[in-house]
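Everything on this sheet refers to the single structure shown next.
The values are calculated or read from the model by the stated rules, or taken from the named source; none is laboratory data. Because the structure is a prediction, the values reported are computed rather than measured. Counting neighbours? That spans all protein chains shown, and the Cβs are built from the backbone with ideal geometry, glycine included. Please note that ligands, DNA and RNA were not included when accessible areas were found on the heavy atoms of the full protein model with its side chains. Shrake-Rupley method; radii C 1.70, N 1.55, O 1.52, S 1.80 Å.
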Amino acid sequence: MIREVLKDQRGHVRAAARPPIAVSTLRKDAWWALPVTTAAVLLSFIIYSTWAALQNAHYFAAPYLSPFYSPCLSKSCVHSTFGYGLPDFTFPVIGVLSPALILWGPGLFRLTCYYYRKAYYRSFWVAPPACAVQDVKSGYSGETKFPLFLWNYHRYTWYVAVVFIVLLTWDALLAFRFPAAGGGAQFGIGVGTLVMWINVIFLAGYTFSCHSCRHVCGGHADVFSRAKGRYQAWRIISRLNEHHPTFAWLSLFSVGLTDLYIRLVAMGIIHDLRIL
């Protein structure tokens, strides 16, 4: 559905008047299938990730650390990311409830993501549910009211997401260090190692294909001929950006399935197959 958005003299966004629509839509296809599927997938992920984060157990199976619990900074962690844990009073809520509450970082990045905003606006708020389908709610004010205007700070959450990519890459590197029989560690590759690296690749693809990354690379360059390095980086990220929705879904599934795999191994329900 095409909307015409105007601004008054004070710069406030207001919707232009549009002719009434006699019926909700003239579309004959199953236009509702996509928003319903999107709502089901997102709701399932929210329920599972919240449950997994509050378990505060079965998140480490040597040498695998669940991405939901990384970085594990509390002293109460089963496996500390940097080899030692900070006292629980440093992170009182995280230390008492669950180390996975560190998920607020990547969670804000996804919540404010331009693509995910489109996805959950259509699937949960039905505004609009699909192209050429009438809104359930009349009127359109844009993202000008609390808390939606805070979504404009998405570009700053990108820096937080990059930090988590670095930490998850470190966890994936540690996934090659298996406990040795006589003590210490030895090099090895298990199915969990591959699972963790696939997750990191998909998450990195989602993070670095973001529009905010394009802005960092070329947003401040007025004349690309004077910033050839930034121009080349901007071109590469722009090509990657074309696949941003794909990475958004792949990374959503991969991070959830990675936690599930490590959880099942830690619980002894399945056994990690050693490849090397």
With the checklist (1) more than 21 Å from the chain's Cα centre (by Cα); (2) surrounded by fewer than 16 Cβ atoms within 10 Å (Cβ to Cβ); (3) under 24 Å from Leu65 (Cβ atoms) in hand, flag the one item Arg226 doesn't pass. (3)
Hits in the range 101-116 (condition: in a loop (DSSP other than H, G, I, E, B) and among the hydrophobic types (A, V, I, L, M, F, W, C)): Cys113
Number of the condition not met by Ile198 [criteria: (1) exposed (fewer than 14 other Cβ atoms within 10 Å of the Cβ); (2) at pLDDT 95 or above]: (1)
Suppose we filter Ala180, Ala175, Ala130, Ala185 for residues that are surrounded by 16 or more Cβ atoms within 10 Å (Cβ to Cβ), closer than 28 Å to Ser70 by Cα and of a type in the set (Gly, Ala, Ser); which single one remains? Ala175
Just need a number here: residues in the range 133-158 that are more than 19 Å from His215 (Cβ to Cβ) and open to solvent by less than 30 Å² (accessible area, probe 1.4 Å). 3
Return the residues of the range 159-172 that are in contact (Cβ under 8 Å) with a residue 60 or more places away in the chain and either of a type in the set (A, V, I, L, M, F, W, C) or open to solvent by 80 Å² or more (accessible area, probe 1.4 Å) (or both); say none if nothing qualifies. Phe164, Leu167, Leu168, Trp170
Subset of the range 41-63, residues aromatic (Phe, Trp, Tyr) and modelled with pLDDT of 95 or more, comes to Phe45, Tyr48
If you take just the helices (runs of 4 or more DSSP H) that sit entirely in the range 181-276, which of them hold at least 2 residues that are out of contact with any helix residue (DSSP H, G or I) (no Cβ under 9 Å at 6 or more places or on another chain) and touching a residue at least 40 places away in the same chain (Cβ under 8 Å)? 244-267
Out of (1) out of contact with any strand residue (DSSP E or B) (no Cβ under 6 Å at 6 or more places or on another chain); (2) within 26 Å of Leu34 (Cβ to Cβ), the one Gly142 does not meet is (1)
Out of everything in the range 245-276 that is surrounded by fewer than 20 Cβ atoms within 10 Å (Cβ to Cβ), modelled with pLDDT of 95 or more and not aliphatic (A, V, I, L, M), what residue ends up being nearest to Phe187 (Cα to Cα)? His271
